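Notes for the one structure printed next.
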Amino acid sequence: MKKKYVAVFSLLMFALFTFGMQDGAYRFQLLNMEAATETVSFQAVSEDAWTFESLTDLHFQMQNGVYSAKGQINKNLIVDYQLTLFYNGGETLISCNLEANRLQAIVGDKSFTIEINQPLLILDNNLSWTWQLVYNLYQINGYQTINVFIPQLLLRNFTDIMKLEIQKTTQTEEHTNVFFNLNGQSGMLKVNKDGQVIQLLMGGTIMEKIQ
């Protein structure tokens, strides 16, 4: 009986390590030029929940900015999101709070209440690490279709929910390739044997996990 408990515990710890959120560093490229670097760290709150902090340094052509994000993840969905954007000498705060059937969002002096269908993933278009959650929602939670909200589009008063659909997966000895479509644009995630997303390809964008 004791051996059985040890085996179950070992499998649980393997699953947590494999699909858990791991600290990392990323490089973001546009048109084969480095556009940003990023670091992220996580703190486990429970088996299904983590807090996160990430810092992204944007330096593409004439664009220079810093994205500082923090919040909480629950069951592979970001339920609390705070983004401070330093760009062109200005500072903007965007905050989102995910509830059962609505998203509460604030940017500057504007607030939005957006009716949603679950699962809804807050997926910021200038952050790299959040693509790990896409894979987790597919592999762990079993979702083939994920509703996506991009917070920075609030700056343009754009509150539409987009669809991300998993199309197919292929397997090599070293990697799993997950092909998807986001709002009409095709992309691919490359995932290593530990269940960690190490590369995103979409249009002229390449995201790589470098640490």
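The values are calculated or read from the model by the stated rules, or taken from the named source; none is laboratory data. What you see is a predicted model; the values in this text were computed from it and never measured. In this analysis, Cβ positions are derived from the backbone assuming ideal geometry, glycine residues included, and neighbour counts consider all displayed protein chains. Surface areas here come from the heavy atoms of the whole protein model, side chains and all, with no ligands, DNA or RNA. Shrake-Rupley method; radii C 1.70, N 1.55, O 1.52, S 1.80 Å.
Among the candidates LEU127, LEU133, LEU189, LEU137, single out the residue that is open to solvent by less than 20 Å² (accessible area, probe 1.4 Å), part of a strand (DSSP E or B) and either in contact with a strand residue (DSSP E or B) (Cβ under 8 Å, 6 or more places away or on another chain) or not hydroxyl-bearing (Ser, Thr, Tyr) (or both).
Just one listed residue meets the conditions, LEU189.
So how many residues does segment 70-94 have that are open to solvent by 70 Å² or more (accessible area, probe 1.4 Å), in a loop (DSSP other than H, G, I, E, B) and under 25 Å from ALA44 (Cα atoms)?
Final tally of qualifying residues: 1.
Exactly one condition in (1) open to solvent by 10 Å² or more (accessible area, probe 1.4 Å); (2) not in a strand (DSSP E or B) is not met by ASN97; state its number.
The failed condition is (2).
Just a yes or no: is a residue in segment 26-42 exposed (fewer than 15 other Cβ atoms within 10 Å of the Cβ) and closer than 18 Å to TRP131 by Cα?
Within segment 26-42, the subset exposed (fewer than 15 other Cβ atoms within 10 Å of the Cβ) is 31-34.
Applying the additional criterion that residues be closer than 18 Å to TRP131 by Cα yields none.
No, every residue in segment 26-42 fails to be exposed (fewer than 15 other Cβ atoms within 10 Å of the Cβ) and closer than 18 Å to TRP131 by Cα.
Which members of segment 146-165 meet the condition of being under 15 Å from the mean Cα position of the chain (by Cα) and open to solvent by less than 60 Å² (accessible area, probe 1.4 Å)?
The answer is ILE146, ASN147, VAL148, PHE149, ILE150, PRO151, GLN152, MET162, LEU164.
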